[in-house]
1. Can you tell me which residue among A:127, A:197 is over 12 Å from the mean Cα position of the chain (by Cα) and either near the ligand (Cβ under 9 Å from one of its atoms) or of a type in the set (Asp, Glu) (or both)?
2. Report yes if some residue within the stretch A:75-82 is without any contact (Cβ under 8 Å) to a residue 60 or more places away in the chain, closer than 20 Å to residue A:168 by Cα and part of a helix (DSSP H, G or I); otherwise report no.
3. Given the conditions (1) in a helix (DSSP H, G or I); (2) within 13 Å of chain B (Cβ to nearest Cβ), which single one is not true for residue A:44?
4. Applying the selection to the stretch B:140-176, what residues are modelled with pLDDT of 95 or more, part of a loop (DSSP other than H, G, I, E, B) and charged (D, E, K, R)?
5. Can you go through B:239, B:232 and tell me which one is more than 10 Å from chain A (Cβ to nearest Cβ) and on the phi > 0 side of the Ramachandran plot?
6. Looking at B:129, B:109 in this structure, which one is small (Gly, Ala, Ser) and either within 14 Å of chain A (Cβ to nearest Cβ) or more than 19 Å from residue B:208 (Cα to Cα) (or both)?
7. Got a number for residues in the stretch B:98-118 being of a type in the set (Gly, Ala, Ser) and surrounded by fewer than 15 Cβ atoms within 10 Å (Cβ to Cβ)?
8. Determine which member of the set A:153, A:191 is without any contact (Cβ under 8 Å) to a residue 24 or more places away in the chain and either near the ligand (Cβ under 10 Å from one of its atoms) or within 14 Å of chain B (Cβ to nearest Cβ) (or both).
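The values are calculated or read from the model by the stated rules, or taken from the named source; none is laboratory data. Just so you know, these numbers come straight off a predicted model, no measurement behind them. Glycine gets a Cβ as well: all are built from the backbone with ideal geometry, and neighbour counts include every protein chain shown.
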Amino acid sequence: MVGGADKPRTIHPLFVRVTHWVNAFAIFVMVLSGWRIYNASPLFGFEFPKDFTLGGWLAGALAWHFAAMWLLALNGLAYLAYGLVSGHFRRSFMPISLRGAFDDLLVAMRGHLNHAPGRYNAAQRVFYVGIILAVIVAILSGLAIWKPVQLQGLTALMGGYEAARVVHFFAMATIVAFLVVHIGLAVSVKGILAPMFTGRAEAQR
Amino acid sequence: MKPPRSERLSAFRPQIARLERRLFLKQGLSLGALSLLSGCTLKDDDAVDRLLLTMSRFNDRVQAALFDPAKLAPTYSEADVTTPFPFNAYYEEQDIPVIDGENYRLQVSGLIADKRPWSLGDLRALPQSSQITRLVCVEGWSAIGKWRGVAFRHFLERIGADLTARYVGFRCADKYYSSIDMPSALHPQTLLALDFTEAKYGYPLRLRLPTKLGFKNPKFIGEIFVTNDYPGGYWEDKGYNWFSGS
Ligand code: HEM
């Protein structure tokens, strides 16, 4: 369903809105249960605070993780397929330029956000494509850890089982770092958040 | 416990995790395995727990479909073996069962033709093979070890097991129990291991299969049975995914 895509004031197609919020839910479950799994055998010298984890104990966390992974992967595939086939990626993320993203960041640091409803600025384009890639890396490294025998080619590609754990960790860290900025901007910049639910740009006051 | 030689933190993490598990074990007994799953409610018959369990059963089927009976786990060289190998069980290292090898008899039961018990001598008279493979723990750490013993497929054939049965179950001297699917039992790298570095890793008999997580490799095996009735397992009954394939 591409419901409102061709209505005049719709800046986010229905398909993108639905998959975005399903994805947000799936990512939260994956990250919070993943932190609890991490705590069972920490890779680095720290643990995540228990109260910020999901699942209660290792088996519970794994059950959440291995349930939500289907939601994340299937919803992600649907989003990718839609984005590629409908031209949404081309329209919204192209042209993409690191240089432009850098300029936008400088502008933003001087207190002016280069944000117009219905059009992603250069920094957003780079970050959105980047976060999509980070989620893909998280899923692939997760598969490499989950099935180091059946999918041993993939595990080898990640540098082996132990290296795949490290890749998986840093994919998570990248996603979390993105989310801090992404959510921070979504709730602080006026008129951005509501259209991600309604699809419609708010009338300029 | 001896400090591990390896600098990797993961090498001694299991001890901490084990302490945690013991705490949860207590809760598990009072609340039931179901309510432990989601960790968000304490009601027994919670909808979230049922959903998570349903997904876990679904994942069992997906993993069974993904399992390639001919695909071999990567093998390593002697130099890659992790020393010391991490000890891991639901109890502390000093609580391992001590078994007298002379009088030991492996019991075999269920859907098999020959129910005679096996002495260690009988098992050693069967063809032996060894493997150096990576053991991956459900906790996330992994270690490379060497195991030597009887190809499990050969043993199952020798006892006249119904190879079309669904499960092979294990009952152990440490009151641990587990079960695996028949295709994994018949995998060429599934070993009934008699030789490994130290008794604490399961003397006199343990199962070693690199196609499943560590907790699916029962130690101190006392009885092996073949069945079509889902036998569950010690951790599996507490909420770990049953198939837990690698
Ligand atoms: C509570 C959590 C989240 C909030 C409040 C949120 C908010 C938003 C908003 C308001 C937009 C539209 C921005 C604009 O119009 O300029 C957006 C787009 C986007 N968000 Fe999020 N988001 C959340 C979670 C996530 C997560 C977890 C991810 C990925 C891991 C993500 C990835 C994206 C992407 C890729 C886009 C562009 C979508 C497209 O047009 O195809 N978001 N988000």
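1. Sole residue among the options that is over 12 Å from the mean Cα position of the chain (by Cα) and either near the ligand (Cβ under 9 Å from one of its atoms) or of a type in the set (Asp, Glu) (or both): A:197.
2. Yes, the stretch A:75-82 contains a residue that is without any contact (Cβ under 8 Å) to a residue 60 or more places away in the chain, closer than 20 Å to residue A:168 by Cα and part of a helix (DSSP H, G or I).
3. Every listed condition holds for residue A:44 apart from (1).
4. B:162, B:166
5. B:232
6. One residue alone meets the criteria, B:109.
7. Initially, the stretch B:98-118 is screened for residues of a type in the set (Gly, Ala, Ser), giving B:101, B:109-110, B:113.
Those still in the list that are surrounded by fewer than 15 Cβ atoms within 10 Å (Cβ to Cβ) too: B:101, B:113.
Adding up the residues that qualify gives 2.
8. Of A:153, A:191, the one residue that is without any contact (Cβ under 8 Å) to a residue 24 or more places away in the chain and either near the ligand (Cβ under 10 Å from one of its atoms) or within 14 Å of chain B (Cβ to nearest Cβ) (or both) is A:153.
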